[in-house]
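Before any comments, here is the structure.
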Amino acid sequence: MAACPGCGGRGLFRRPSRRGWLRIREACPSCGLAFERTHGHWIGAVAVNTVLSTVAILIVLIVAFVVAWPDPEVLEVLMPTVATSLMAPLTFAPISRSLWTAMVVLVLPPEDPPLLDTRPI
Ligand SMILES: [Zn+2]
């Protein structure tokens with residue numbers, strides 16, 4: 001699934017809790033790369049997730065419409081599209097977080113100090 005953008009290591013998400021696959025660790029268990037490097041870091045992951053989910057929804061909508069052609073009914077097209085709109089954001093959440101972190105690592109390489117002091121106050 002998702003891999004560390006620094007070393008390619010796995011196990012970035014906590015397990016085996018109920019929502020473990022949605023909760024990314026603070027740092028890579030293999031190389032120690034801190035994932036949250038700036039304030040508001042995860043807003044970018046939300047944007048990536050929104051784009052991926054929108055593309056998935058549009059693909060399903062177009063495929064459902066083509067499959068139902070020449071006599072498409074509303075429910076026939078709408079049901080798979082609604083199901084995709086419910087599942088895509090959850091499915092893409094881990095991918096979005098690791099993809100966004102990889103983009104940030106390209107701009108702020110791991111050897112640079114993090115911009116955010118994540119120690120508790
Ligand atoms: Zn790593």
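Kindly indicate whether any position in region 52-67 is in contact (Cβ under 8 Å) with a residue 12 or more places away in the chain and within 16 Å of the ligand (Cβ to nearest atom). The answer is no; no qualifying residue exists. Of all residues being hydrophobic (A, V, I, L, M, F, W, C) and buried (at least 18 other Cβ atoms within 10 Å of the Cβ) in region 58-98, which is farthest from ALA2 (Cα to Cα)? Just the residue, please. Residue satisfying both the conditions and the ranking: VAL77.
If I filter region 1-56 down to residues being modelled with pLDDT under 85 and in a helix (DSSP H, G or I), which single residue comes out as farthest from PRO89 (Cα to Cα)? Residue satisfying both the conditions and the ranking: GLY20.
The values are calculated or read from the model by the stated rules, or taken from the named source; none is laboratory data. Predicted model only: the values in this text are computed from it and were never measured. Using ideal geometry, Cβ is built from the backbone for each residue, glycine included, and neighbour counts are taken over all protein chains shown.
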